Ligand SMILES: Nc1nc2c(c(=O)[nH]1)N[C@H]1C(S)=C(S)[C@@H](COP(=O)(O)OP(=O)(O)OC[C@H]3O[C@@H](n4cnc5c(N)ncnc54)[C@H](O)[C@@H]3O)O[C@H]1N2
Ligand code: MOO
């Protein structure tokens, strides 16, 4: 971690940019070290959170021998005399005599002493005397068939989704101990930005204020409308005040623009004014080189983070997938995102000693990545048609047929259906 404090001065001695992979590991590690507090939440409020403890089952699953069909729980070889009925939800009396049976419903507890369950459609009932041949395969589920009491079913760090919620309910949990969702805020820098209408006369539309919060939510963050602020006036005091205010609630503040050393680039002096340390300050990746991650300590002693996303819109997205995604994984106590691989359909140039993140559209079924067009760092047209970025390592270029890692955009299934 760098403790650089003078952003504009002495660039000669500034540390070199971190390698892209190294930057990701470093950011993930500091996120994990600052993992968010854990809370006990009612099951219905846990979707999207992360298990803070392993999920265990409170009983055997199933907890009792359970009929899997409607029919007859029988004892002995039959024919069987009907002595009662057991429905789901009750505890039956044992079958104590051979050649007796109780009518049983799917999901009902099989009485002690039963030797088989006969399906109703494979039975005959003549005046209270049931006959038929039970199948040789068991027609009931034995306790522990799915899991034994106290067995660990999912490790801590598992993202909670509807399937996990359902499993937790099956296991008898009313609450789960989870890590709460990270709270994020966004500060948009740039006096040239318009927040409505078409761009003209040297002014461009703010493309990041409306979109970055949506990307952050897809990474599991809470972002309230009031946490999105900007354009913040291009003065140092305005930047300092905006960042200080955003940090009162947010675990992570993303900023856009101002990462360089232009006349109105105030991000570095702002971080210095607030006493932040750099975790990463510039990354050897194209596009997105000036991205950064800084850390501060909040009044409660917990770490807070500032992710500086470069102003060029595609570069800002590169910073999100490169630094913000692994940071959030760490803060949520999840594992480092594993990058899937795909085969390049076409050549992709390298970017010298920098990693090149090249926008690609995926044919998921075939595992093939197609480079897209309109990929300038100031453009979003390519991003809007892409599934993610192919990773072209430093000193290499991509040839057709090469297997390369893919950094996905956090899209929902169906959003790039071709
Ligand atoms: N002398 C140098 N200049 C620049 C270099 C360099 O190495 N030497 N690097 C370039 C690279 S790479 C990038 S990326 C940008 C990063 O600049 P900043 O983070 O300081 O961003 P700004 O200067 O504020 O803006 C850059 C560009 O992006 C437009 N922008 C900014 N915010 C938004 C937004 N919310 N929505 C749409 N467009 C936005 C802004 O108008 C500028 O055109 O620096 C290069 N310069
Ligand atoms: O990050 Mo700048 O990466 O080329 O637009």
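The values are calculated or read from the model by the stated rules, or taken from the named source; none is laboratory data. Because the structure is predicted, anything quoted here is derived from the model rather than measured. Please note: Cβ atoms are built from the backbone with ideal geometry, for glycine as well, and neighbour counts cover all protein chains shown.
Quick test for you: out of 236, 176, 167, pick the one residue that is farther than 30 Å from residue 145 by Cβ and either buried (at least 17 other Cβ atoms within 10 Å of the Cβ) or within 16 Å of ligand 1 (Cβ to nearest atom) (or both).
Of the residues listed, the single one that is farther than 30 Å from residue 145 by Cβ and either buried (at least 17 other Cβ atoms within 10 Å of the Cβ) or within 16 Å of ligand 1 (Cβ to nearest atom) (or both) is 236.
Mind checking which residues of region 406-418 are surrounded by 17 or more Cβ atoms within 10 Å (Cβ to Cβ) and either part of a strand (DSSP E or B) or within 16 Å of ligand 2 (Cβ to nearest atom) (or both)?
Listed by number, the residues that qualify are 406, 407.
Restricting attention to region 126-135, does a residue exist that is in contact with a helix residue (DSSP H, G or I) (Cβ under 8 Å, 6 or more places away or on another chain), free of Cβ contacts under 8 Å to residues at least 40 places away in the same chain, more than 26 Å from residue 167 (Cβ to Cβ) and assigned to a loop (DSSP other than H, G, I, E, B)?
yes
From 212, 253, which residue is closer than 23 Å to residue 50 by Cα, within 16 Å of ligand 2 (Cβ to nearest atom), in contact (Cβ under 8 Å) with a residue 24 or more places away in the chain and touching a helix residue (DSSP H, G or I) at 6+ places or on another chain (Cβ under 9 Å)? Step through it out loud before you land on a result.
On the way: 253 fails: within 16 Å of ligand 2 (Cβ to nearest atom).
Every option except 212 fails the conditions.
Sort through 263, 269 and tell me the only one that's without any contact (Cβ under 8 Å) to a residue 12 or more places away in the chain and more than 16 Å from residue 208 (Cβ to Cβ). Steps first, answer last, please.
Working: 269 fails: without any contact (Cβ under 8 Å) to a residue 12 or more places away in the chain.
The match here is 263.
Within region 148-191, track down each residue that is within 16 Å of ligand 2 (Cβ to nearest atom) and not in a strand (DSSP E or B).
Start the filter on region 148-191 by keeping residues that are within 16 Å of ligand 2 (Cβ to nearest atom), which leaves 189-190.
Correct list: 190 only.
I'd like the residue in region 35-85 that is in a strand (DSSP E or B) and free of Cβ contacts under 8 Å to residues at least 40 places away in the same chain and, out of all such residues, is farthest from residue 96 (Cα to Cα).
Result: 85.
Given the residues 262, 275, which is the only one that is out of contact with any helix residue (DSSP H, G or I) (no Cβ under 6 Å at 6 or more places or on another chain), near ligand 1 (Cβ under 8 Å from one of its atoms) and farther than 20 Å from residue 184 by Cβ?
Going through 262, 275 in turn, the sole match is 262.
Can you confirm whether residue 372 is under 23 Å from residue 288 (Cα atoms), in the same structural domain as residue 218 (by TED's automatic domain parsing) and in contact with a helix residue (DSSP H, G or I) (Cβ under 9 Å, 6 or more places away or on another chain)?
So residue 372 fails the test.
Which members of region 279-304 meet the condition of being closer than 30 Å to residue 393 by Cα and more than 15 Å from ligand 1 (Cβ to nearest atom)?
279, 295
Quick check on region 193-209: of everything there that is within 16 Å of ligand 2 (Cβ to nearest atom) and touching a strand residue (DSSP E or B) at 6+ places or on another chain (Cβ under 8 Å), which residue is modelled with the lowest pLDDT?
Going through the qualifying residues, I end up with 204.
For a quick check of your reading: which helices (runs of 4 or more DSSP H) sit entirely within region 266-333 and have at least 2 residues that are crowded, with 24+ Cβ neighbours inside 10 Å, more than 16 Å from ligand 2 (Cβ to nearest atom) and over 25 Å from the mean Cα position of the chain (by Cα)?
Of the helices (runs of 4 or more DSSP H) lying wholly inside region 266-333, those with at least 2 residues that are crowded, with 24+ Cβ neighbours inside 10 Å, more than 16 Å from ligand 2 (Cβ to nearest atom) and over 25 Å from the mean Cα position of the chain (by Cα) span 267-273.
Residue 389: in contact (Cβ under 8 Å) with a residue 40 or more places away in the chain, away from ligand 1 (no atom under 16 Å from the Cβ), touching a helix residue (DSSP H, G or I) at 6+ places or on another chain (Cβ under 7 Å) and assigned to a strand (DSSP E or B), yes or no?
Values: in contact (Cβ under 8 Å) with a residue 40 or more places away in the chain: yes; away from ligand 1 (no atom under 16 Å from the Cβ): no; touching a helix residue (DSSP H, G or I) at 6+ places or on another chain (Cβ under 7 Å): yes; assigned to a strand (DSSP E or B): yes.
Spelling it out, it is not the case that residue 389 is in contact (Cβ under 8 Å) with a residue 40 or more places away in the chain, away from ligand 1 (no atom under 16 Å from the Cβ), touching a helix residue (DSSP H, G or I) at 6+ places or on another chain (Cβ under 7 Å) and assigned to a strand (DSSP E or B).
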